[in-house]
Amino acid sequence: MSDKCTALITGASRGIGKAIAAEFAKNNYNLYLCCKSHVDSLTAYTAELSAEYGITAIAVACDVSDEADVSSLFDIIDKSPIGAPEVVINNVGIAWYGLLTDMSSDEWHQMIGTNLDSVFYICKKAVPYMIRNGHGKIINISSVWGQVGASCEVAYSTSKGGVNAFTKALAKEVAPSGIQVNAIACGVIDTEMNSSHLSEDELSELASEIPADRLGRPEEVAELALSITRSPSYLTGQIITIDGGWI
């Protein structure tokens, strides 16, 4: 078994998840990195991280909105030399922008499945390991829209509001077992997900509304995630906002 700590990061092939993977590798974590689609590029990235930082990074193709896929992921973890994750970061997420009345039922279920059901499936599998070990840290990547809601992002806001409630409730449930559960509520972060449904002009206008006068960087969210893993054990059940003073 490795003497390094191990982290599981979902949605790790790009954006915030990719930045978190780099930050944790830099700080001597072995990694399980999951994604649904960009498996080849994620596999190449794990090789890069492993070579650069002397850690073991394992890429796993997994649709975390599918419970059977998550079970298969933990079958791999059970047989892995780097052991069960002491840190779990539920980062995977998708966005949908438009009027609620234009959203199909399939799009709604895909949103809730990816952004919320995945958190349930991963935590349900990870928590027993943490209970046996007497410690563990779960960090859920959320959004300020989960706190205040956003017009034309009803489903996304709902999914992230659910993540926030899940975080607070699970934190109370597992605190006696030495497990911390917190969430990071992101403002507008400069990611491919945001640039795919917002134009450059819209992103520029958003930046002008933010007191920090810019979009957040994925690396800043990654630094915050790492700092939460180093926080006192009394910090749990919190939704920690990083938004440049926007909301």
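State whether one or more residues within the range 75-86 are touching a Leu at 6+ places or on another chain (Cβ under 6 Å) and closer than 29 Å to Gly216 by Cβ.
yes
Considering every residue within the range 70-81, establish whether at least one is hydroxyl-bearing (Ser, Thr, Tyr) and assigned to a loop (DSSP other than H, G, I, E, B).
First, pick out the residues of the range 70-81 that are hydroxyl-bearing (Ser, Thr, Tyr): 71-72, 80.
Right, trim to assigned to a loop (DSSP other than H, G, I, E, B) and you get 80.
There is at least one residue in the range 70-81 that is hydroxyl-bearing (Ser, Thr, Tyr) and assigned to a loop (DSSP other than H, G, I, E, B).
Can you name the residue in the range 124-149 that is part of a strand (DSSP E or B) and of a type in the set (A, V, I, L, M) and is also farthest from the chain's Cα centre (by Cα) among such residues?
Ile138
Pick out the one residue from Ala185, Ala165, Ala207, Ala212 that is out of contact with any Lys or Arg (no Cβ under 7 Å at 6 or more places or on another chain), surrounded by 16 or more Cβ atoms within 10 Å (Cβ to Cβ) and among the small types (Gly, Ala, Ser).
Selected residue: Ala185, the only one of Ala185, Ala165, Ala207, Ala212 that is out of contact with any Lys or Arg (no Cβ under 7 Å at 6 or more places or on another chain), surrounded by 16 or more Cβ atoms within 10 Å (Cβ to Cβ) and among the small types (Gly, Ala, Ser).
Here's a check for you: in the range 180-216, which residue that is closer than 29 Å to Phe166 by Cβ and polar (S, T, N, Q) is nearest to the chain's Cα centre (by Cα)?
Asn182
With Asp40, Asp69, Asp63, Asp3 as the choices, which residue is surrounded by fewer than 19 Cβ atoms within 10 Å (Cβ to Cβ), under 24 Å from Phe120 (Cα atoms), without any contact (Cβ under 8 Å) to a residue 60 or more places away in the chain and not aliphatic (A, V, I, L, M)?
Checking each option against the conditions leaves just Asp69.
Output the residues belonging to the range 220-247 that are outside any loop (DSSP other than H, G, I, E, B), among the small types (Gly, Ala, Ser) and in contact with a helix residue (DSSP H, G or I) (Cβ under 8 Å, 6 or more places away or on another chain).
If the condition is that a residue be outside any loop (DSSP other than H, G, I, E, B), among the small types (Gly, Ala, Ser) and in contact with a helix residue (DSSP H, G or I) (Cβ under 8 Å, 6 or more places away or on another chain), then Ala222, Ala225 are the ones that fit.
We did not get these values from a lab; they are worked out from the coordinates using the rules stated. If you're wondering where the values come from, they're calculated on a predicted model, not measured in any experiment. Heads up, the Cβs are rebuilt from the backbone with ideal geometry, glycines too, and the neighbour counts pull from every protein chain shown.
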